[in-house]
Amino acid sequence: MLDLLVQGGRVVGPQAEGDWDIGVLDGKIAVIAERGATPPPEAAVVVDATGRLVVPGGIEPHAHLAHYISMRTESEMYTLGPEQDTVGMAFGGVTTHLDFCQVYPGTTAQQALEQRMARWKGQSLIDYAFHVNFMGATPIPAFEQVPELVQAGFASFKVFTCNVLPPVPPRRSYRMDFGRIGHLMERVAGAGGIMVVHGEDDDLVQFNYELFGLAGRTSGANLHLVHSKLSEQLSFSRTVQLARAKDAAVYFVHTSASEGVAIIGRARAKNQPVYGETLHQYLCHTADEYARPGGFQFHTYPSVKLAEDQTSLWDGLLKGTLSTVGTDEFPTSREVKLMGSTIEDVTGGNLGAEARMGIVFTEGVSRRGMSLRRYVDVTSSNAARILGLYPRKGAIQVGSDADLCLLDTSVRRRLRRDDFHVADYSPWEGWEVTAWPATTVLRGRVIVDNGQLLGQPGDGQWLPRKIDPEVLQRPVL
Ligand SMILES: [Zn+2]
């Protein structure tokens, strides 16, 4: 007998869509049956998916939970932890998230990972993994740990090409120089890992802080001019050239500008394994909104940009130049999020993981004609493939983990406060949606069902990752 049967839904599989019933045994998809062909198999639990669209559980490739809030130096503050934020992810149809493990000079990656793993253990409601994030001027010998880390299941390595935040007050450096980045690229490529890059030009951004300060143009409404389109262009371009020289695959986080999309497109046209993530925040908002009351709730670094950038991002996402939609989840209270108002003190980061599956469906599928297959790719499958979780995650096929999101695609309403389960606000309150997750299944267990939380902290497991070599050789998706 099966453990679970998800019956009556419309299912999006890797090759086709169909009216299929999904049977689960020991957390894995054991059978996918054409409806009506044979009598339904017996199962201990039956979920009625009539009228639902069944897609792979969402994969959030970019989250910062239990993360030091470095823009608020006045006191030591952290973003909400996995025990709180993954409740929202579960309600939002997300079954896996990738967070970051920051490794500062003076600590080894192993030590930092041990701490991070201990913080998550027993706390996450959904499955999880960590990008290893070498911060600042990593001592050169430390890069020799890379093959061992890849072997242990940590397949992605994040770097910042810039310090992101203003020069004052002084903070620990984020930025890694391009010498080190190239050195790391060699090791990551040799070991079968991928580079994850926050690409902004440090010279330009830091100079802009100085210039705008001098000119008295310190309103946060200028954030997109400090973290400029040109800065993304220079840094993406330099990173792509370096990666070509080192034979390294690159995943650009939070692509925000038309220039970034164009550079990713050109690299891919030359068969270089370069992949781009954007954020639903960047797809749906522009910098004009900064000036409105509460407008900084839409800010995350680099920054939301202009209408022309929004158009390019959608174009890239629909046509395949961009591969994923992430969140840059950085959950705080509304008070903390809206504390600042100048280019030097606006709090970055988004609160959007719970809304991501619904918003991308609404804005992509309903409003812009995105195919259901493409929807599944950008919310789940592509992140799984690029970051080394496929086919365990990101696919509804026999043998994969039974991670499912059952979308109610009949809704036509504005999101309200009580649609959300994290913090005391959501930037998506008031947004009109045409789909919303109704049921979430994690490895065959129903963790959310029609507004009821059935999962608990500790349900989530850490996931070792290994990337398909094809993904690292050329832009296969
Ligand atoms: Zn981030």
Checklist entry - Sorted by mean Cβ packing within 10 Å, highest first, what order do the peptides 178-188, 58-68 take? => result 58-68, 178-188
Next on the checklist: Please list, ordered by chain and number, the residues whose modelled amide H lies under 5 Å from the amide H of H67; skip anything fewer than 5 residues away on the same chain.
Outcome noted: T79
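As a test, work out the antiparallel percent of DSSP beta bridges whose residues both lie in the chain, rounded to the nearest 5. Walk me through the numbers before you get to the answer.
Numbers: 33 of 71 bridges.
The antiparallel fraction comes to roughly 45 percent.
Normalised by the residues of region 50-166, what does the relative contact order come to in percent, with Cα pairs under 8 Å and at least six apart? It would help to have the intermediate numbers written out before the result.
Values: 144 pairs, mean separation 28.3, N = 117.
Relative CO of region 50-166 lands at 24 percent.
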Next on the checklist: Can you list residues from other chains, or at least 5 along the same chain, whose modelled amide H is less than 5 Å from the amide H of T439?
Outcome noted: L406, N450
Checklist entry - Ignoring any ligand, DNA or RNA, what whole percent of the accessible area of the chain comes from carbon and sulfur when the probe is 1.4 angstrom? => result 51 percent
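Return the calculated 222 nm mean residue ellipticity for the chain, to the nearest 500 deg cm²/dmol, obtained by summing -39500 (n - 2.57) across DSSP H runs with n ≥ 4 and dividing by the residue count. It would help to have the intermediate numbers written out before the result.
Values: 15 runs with 132 residues, N = 477.
My calculation for the chain gives -7500 deg cm²/dmol from helical runs alone.
Which whole-number percent gives the relative contact order of region 333-465, counting Cα pairs below 8 Å spaced six or more residues apart? The partial results should precede the final answer.
Values: 166 pairs, mean separation 29.8, N = 133.
Relative contact order of region 333-465: 22 percent.
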Checklist entry - Running Debye on region 165-209 with equal point scatterers at the Cα sites and no solvent, what base-10 log of I(q)/I(0) appears at q = 0.16, 0.19 Å⁻¹? => result -0.56, -0.71
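Normalised by the residues of the chain, what does the relative contact order come to in percent, with Cα pairs under 8 Å and at least six apart?
Details: 1147 pairs, mean separation 103.7, N = 477.
Contact order relative to length: 22 percent.
Taking the highest mean first, how do the peptides 364-370, 436-442, 455-461, 325-331 order by number of other beta carbon atoms within 10 angstrom per residue? Don't jump to the answer; show the numbers that get you there.
Numbers: 364-370: 15.7, 436-442: 25.4, 455-461: 18.4, 325-331: 28.3.
Going by the mean number of other Cβ atoms within 10 Å, highest first, we get 325-331, 436-442, 455-461, 364-370.
Could you tell me which of the pairs K28/K270; K305/K337; K337/K393 are separated by over 28 angstrom between their Cα atoms in the structure shown? Mind dumping the intermediate values first?
Values: K28/K270 38 Å; K305/K337 19 Å; K337/K393 32 Å.
K28/K270; K337/K393, as the Cα separations exceed 28 Å there.
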Checklist entry - Exactly which GluC sites (Glu not before Pro) in region 59-107 are in a DSSP loop and have at most 15 other Cβ atoms within 10 Å? => result E74, E76
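Could you provide, to the nearest whole Å², the per residue accessible area of region 49-94 with probe 1.4 Å?
Values: 1180 Å² over 46 residues.
The answer is 26 Å² per residue.
The values are calculated or read from the model by the stated rules, or taken from the named source; none is laboratory data. Keep in mind the model is a prediction, meaning the values are calculated, not measured. Heads up, the Cβs are rebuilt from the backbone with ideal geometry, glycines too, and the neighbour counts pull from every protein chain shown. The protein model used for the area step is the full one, side chains on, heavy atoms only, and it has no ligands, DNA or RNA in it. Shrake-Rupley method; radii C 1.70, N 1.55, O 1.52, S 1.80 Å.
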